[in-house]
Each structure stands twice: as C-alpha cells, then as structure tokens.
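Note sheet for the following structure.
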Amino acid sequence: MTVLLEARGVAKKFGGVQALKDVSLSIRQGEIYGLIGPNGAGKTTFFNVLTGLYAKDAGEILFEGRPLDLASPHAVAAAGIARTFQNIRLFGNMTALENVMVGRHVRTRAGVFGAIFRTRREREEEAAIRRRALELLHYVGIAPRAQELARHLSYGDQRRLEIARALATEPKLLALDEPAAGMNATETAALRELILGLKADGLTVLLIEHDVKLVMGLCDRVAVLDYGEKIAEDVPEVVQRDPKVIEAYLGGSLG
Amino acid sequence: MKQRERLGLILVAATLLVLPFVLAEIGTAWVRIANLAILFVFLSLGLNIVVGMAGLLDLGYVAFYAVGAYPWALLASPHFGLHLPFWVILPLGALLAGLAGAVLGAPTLRLRGDYLAIVTLGFGEIVRIFMNNLSAPFNITNGPKGITRIDGLSIGPFSFTSTDTFLGLSFSGPIKYYYVLLLLLLVIIVVNLRLADSRIGRAWVAIREDELAAKACGIDTRNVKLLAFAMGASFGGIAGGMFAAMQGFVSPESFVLNESIMILAMVVLGGMGNVWGVIAGALLLSFVPELLRYTVEPLQKALLGRLVIEPEVLRMLLFGAALVLSMRYRPAGLWPESRHRREMKERLA
Ligand SMILES: Nc1ncnc2c1ncn2[C@@H]1O[C@H](COP(=O)(O)OP(=O)(O)OP(=O)(O)O)[C@@H](O)[C@H]1O
Ligand SMILES: [Mg+2]
C-alpha cells in the first residue's frame, strides 16, 4: 500500500509544554487511521500542525511524497487535506448549504469580475457549487436542514455539517477531531456508517476519537499519543493489549 | 404574490422618479439633501462590504471618500487648469480609492477588532491631514482652503449644472444629478447583491464568522480580505467623485472622523451585512436629522413660544438615543442579515 501522509520527527512546544515530541507516523492510502491518547496528549496539536495552523518546531510532514513545510492552511486544503474541529467551528450565521458552498471555494475560481457581470462561466460554476453542496448535505444526511442557519442545527447535525463542508474541498485525507463527541448512540452509529462509506469511496481518514469502541471497531491502524510522544502504532487488537497503552490510560477504559 | 411584488416595484420606481419634483416644490435644498442621502447610501454599501460582510472594523472609511473626491477636484478645476472628462476622473477616483484600500489593508491583515479599529482610525486622520498640508512646497491640494470652482458633471455637451426645460418641466441642476445618482445607485445595488451572493461574498462572510475555519476551508484570507478593503474603498471613491462634482468645492473639512462614524452608524443601525438594511439605515440617518432641522424650530416656537432645545443639540441627542436603543433591543440592526435570510427561506418554501 502506498503511503499518503508521512510525519517525521514532528515537535511542537507551547511555553513549557512539549505538546508534540519527535512524532513520526505514516498513514496509508485508503485506510482509517486512529489517533488516540489521554486528554492533553497532543492529538489536536498534531492536527493543527498538519493543517498549517501552527508552525512546527522540528520535523517534516510529507503528503503524497511532497513536503508540506511552510504551507499555509489554505495551501494545505488545496493540497487535499480537510479537517473538522474538536470544538465545532461552523459559519454560524450562514445556512447549512452556504457552509458547504464555502467548502467549494478552494476548488472553484470565480472572482469579483465574474460575480458582478454574472458571466456564463460564473453562472455555471455557481450552479455546480450549489448542486455539489446539496449532494454532500444528502450524503451526510442533513439535506432537509439545508436552508437553516448553521447555529440553529442540533449538535449532531452540526458535526455532520462540518464533515460535509470538509468533504466539499475534495480532500484525499479527511482529518476528524473527535467527531462523535457529544453524540448519542444513534448518531454515533450513523457516523460510523458515514466514515465506513467514505472509506469505501476511497478516502483516507485520520480519526481522533475518545470513544474507544468506535475507534477499535473502525480503524485499520491506531497510533497512541501520551504526553506528546507516540507510544504505540499498530492494528487495534495489538494496541489494545499494549502494556504501555494500558498504563497511559491508567489501566482502565481500554479493557 | 408575484403580481403584488411587481406592483410594489412599479410603485417604488414611480415614487423615486417623481420624488425630486415633489421635493423641489418644498425647496431645492431638499433635492440636494436627497442627493447627499444617495451618496451616503453608496458610502454605507461600500463600508458594508468591509465591516458588514468581511467583519473588519474600519473607523477611517471617510478617507476613501476623500481619495475619490480629490482627483476630480484636482483634474477638473481651474486649480491646475485641467478639465478632464468624467469618464477619466470618476474611474480614476474609484481606482485610487481601491488602491488606498489595499494599502490600508496590507499592513492590518493580522489585526482584528479593537486594534484594527485604531489603525484605520489613524489612517483616516492621516489622509485628512495630508490633504490639509499638501499645499507647500508645491501647492497640490490648496490646504485647508480647499479647491473651488470644480467642474460639474457633463456628458458631452450635456451639462448637469445648468437648468434645462424639457417637456414643460424645469430640470434644475440638483434634479439632473438626482437622476444620475439614482442610476448609479441601481448599478451599485445590483453589484452589491451579486457580490453578496457569490463565491467571493461567501468567503467574506466566512472570514467574519470564523477566520480559522475559513482558512481551513482553503480560503486565502489575506487576498480575500485585501479584496474586501479594495472593493469597499472603491465605492467610497465613486461617491467622493460625485460629491466633488455636485458641490463644486472640496476641503479637508468634509472628511473628518465624524463622517466615518456616521457612515459606520448607518451600516450598524441598518443591519450589518444586509444590503437592504444598510440602505435603509443610510436613508434614515440622512433624512431624519434634516427633517428635525426644518421642523424642530418652528414647532417649538409655535408650541412654547420660544426655542428651548437647539435642533443641533436635539439631533445628537436623538442620534445617541437611537444607537443606544438599537444596541439594547436590536443589536444586529433594524434589518439584520440572518433574519432576512430566514424570511427569504420562508418565501421560497
Ligand atoms: N494554543 C496553545 N497554547 C498553549 N498550549 C497549548 C495550545 N494548544 C495546546 N496546548 C497544550 O498542548 C497540550 C496538548 O494539547 P492538545 O489539545 O493537542 O491535546 P489533545 O490530545 O487534543 O487533548 P484532548 O483529548 O483533551 O482534546 C496540552 O497540554 C495543551 O494545554
Ligand atoms: Mg483535542
């Protein structure tokens, strides 16, 4: 299997906190890759470094063999990495449909001139944006909410909207930061189906999740972070039995 | 429904077309007031792109009004003895204002909220002070005395300053300007509505709503913000050019901080981001003070026999009260954007 994303010796420090310490991992094309670890382990920081929101102190990240160093967030999105946020970040006063339409920005071109003169090309592009956005809302199952303001959606629907918006950028790698947080059992089950569907469509998924059952059931491989260090990386069955991992979780919840 | 809308549109259009003649009956001053009100609609729509859509607080917007007014004043007046036609100087003013917008935007891209407000406020003052002081060693702007005898608008042999009689109706200068401004207004509204409902317009709103998420969606926030500054400023430039032509006189005094604040108040009161709300805000804050000026004095004299409160004092009092009340009861403006959206949805459903 070819490697889609490769991180080598990534480090990030906040003041006295070493949030990431020499983290190396590689994600293969088409797999669901889990990133777990206790609170404050550095999972979200890894996402932020990966997507160019934070500059890393050391190391390099290769995406499709090309370095992502110095890339700004919008260039990372253009390269084909999309993400969701742990604390949902939608455009609250835009409709659900518009949120997804914003996601199309990076794959479309119309500028001020096109907008003002409504050239034929612009009209066609705009129609395509709208069509694709509606398709994606269908895909994640919230099409009936299309015209509602994002901030009026239920929590679970907001999480799904964020996924639709990320998918609108046509990513090769979709990074989900705790997508099941705050979801009830039904919603989590639907999310699980959604992620499996994405995988079936050939997308590579990087998943941060605290719901251990979900992670272990979904992921092809799992990496465990603890105090900014990767302490394990393997298939779920092996990781689950790893003494270091069990200790990191204080022997408890992985059982 | 459809028919009622069409009827409403025809009524509005007819009202707008006969309005200057009705106003002229009351007094030519009122036609001028209407013209200035339309200029303020241009200005608020321009500022609305920056503040309302992109969420970038700009307290020095009047600088772009000045940057649009001065090219016209300098290139079409006896000051330099140049008399360039409108189709050169109006676009030039818009272009220069747009450039000035980008110049202001570039160093402030990383600033938000209060910090951005302070820098833009400073920028507005700097431009005014420049206009005030660029009279020596070379006299460019004529300093605080300003520039007089500016050419009015003329299209070919057709001049907008003189009075013409047509079909038995007397078209005075202000009335002719009114129609030009109305036409320009129509264009500017269409441009704004189209921008708001486009890829770029959505990117502006996305930045206002959550800049970080906008970046993660692949929006180059730097370019898109610069575009907002430049587009917004160019509307100010057009308004400035028309202002110079209509007044025949400009001086730095027309471009003080108070004007920036007034324009901002129009945007905020009307409903940030929503084109129709902003238009309403601009008209309201343009006309109400003038109405007061013409009614308060006679009314007090008639009722109380003497003048108790000066109109100017009352104007500021009411202005303050209106802002405080709208902050308290309608913080999103009289016609806020999201409400408008929901209404649209209900109409579509
Ligand atoms: N912007 C920041 N400034 C300062 N410290 C930060 C910042 N972001 C993260 N940290 C610190 O870095 C460490 C790792 O945080 P991070 O958010 O990556 O953890 P996490 O694994 O995502 O945890 P959780 O499961 O609670 O989401 C924590 O100690 C956190 O306090
Ligand atoms: Mg986290």
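The values are calculated or read from the model by the stated rules, or taken from the named source; none is laboratory data. Since this is a predicted model, take the numbers as computed values, not measurements. Methodologically, a virtual Cβ is constructed for each residue, glycine included, from the backbone with ideal geometry; neighbour enumeration extends over all protein chains shown.
Residue check: is A:Lys13 within 16 Å of ligand 1 (Cβ to nearest atom) and assigned to a loop (DSSP other than H, G, I, E, B)?
Numbers: within 16 Å of ligand 1 (Cβ to nearest atom): yes; assigned to a loop (DSSP other than H, G, I, E, B): no.
Here the answer is no, as A:Lys13 does not meet what is asked.
I'd like the residue in the stretch A:166-223 that is within 16 Å of ligand 2 (Cβ to nearest atom), at pLDDT below 95 and among the β-branched types (Val, Ile, Thr) and, out of all such residues, is farthest from the chain's Cα centre (by Cα). Per the stated criteria, the residue is A:Val212.
Taking the conditions (1) surrounded by fewer than 19 Cβ atoms within 10 Å (Cβ to Cβ); (2) within 14 Å of chain A (Cβ to nearest Cβ); (3) of a type in the set (Val, Ile, Thr) in turn, B:Ile261 satisfies each one other than (2). Restricted to the stretch A:88-110, and to residues there that are closer than 14 Å to A:Asp157 by Cα and in a loop (DSSP other than H, G, I, E, B), the residue that is farthest from the other protein chains (Cβ to nearest Cβ) is A:Ile88. Within the stretch B:146-157, does at least one residue satisfy the condition of being within 25 Å of the chain's Cα centre (by Cα), loosely packed, with under 15 Cβ neighbours inside 10 Å and over 22 Å from B:Ala97 (Cα atoms)? Looking for residues that are within 25 Å of the chain's Cα centre (by Cα), loosely packed, with under 15 Cβ neighbours inside 10 Å and over 22 Å from B:Ala97 (Cα atoms), one finds at least one in the stretch B:146-157, hence yes.
With the condition kept exactly as written, say whether any residue in the stretch A:205-212 is touching a residue at least 40 places away in the same chain (Cβ under 8 Å) and away from ligand 1 (no atom under 16 Å from the Cβ).
Yes, there is a match, as at least one residue in the stretch A:205-212 is touching a residue at least 40 places away in the same chain (Cβ under 8 Å) and away from ligand 1 (no atom under 16 Å from the Cβ).
Would you be able to say whether some residue in the stretch A:111-133 is under 24 Å from A:Gln158 (Cβ atoms), among the hydrophobic types (A, V, I, L, M, F, W, C) and more than 8 Å from chain B (Cβ to nearest Cβ)? Yes.
Being within 11 Å of ligand 2 (Cβ to nearest atom) and either crowded, with 23+ Cβ neighbours inside 10 Å or of a type in the set (S, T, N, Q) (or both) is the filter here, so list the residues in the stretch A:38-55 that pass it. Don't jump to the end; show me each part of the working.
So in the stretch A:38-55, the residues within 11 Å of ligand 2 (Cβ to nearest atom) come out as A:38-48.
Selection gives A:Asn39, A:Ala41, A:Gly42, A:Lys43, A:Thr44, A:Thr45, A:Phe46, A:Phe47, A:Asn48.
For the residues A:Leu25, A:Leu35, the requirement of being assigned to a strand (DSSP E or B), within 11 Å of ligand 2 (Cβ to nearest atom) and within 17 Å of the chain's Cα centre (by Cα) singles out A:Leu35.
This table checks each residue for (1) among the acidic types (Asp, Glu); (2) surrounded by fewer than 17 Cβ atoms within 10 Å (Cβ to Cβ); (3) at pLDDT 90 or above.
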| position | (1), (2), (3) |
| --- | --- |
| B:Glu5 | yes, yes, no |
| B:Ala24 | no, no, no |
| B:Ile38 | no, no, yes |
| B:Phe42 | no, no, yes |
| B:Asn48 | no, no, yes |
| B:Val51 | no, no, yes |
| B:Ala76 | no, no, yes |
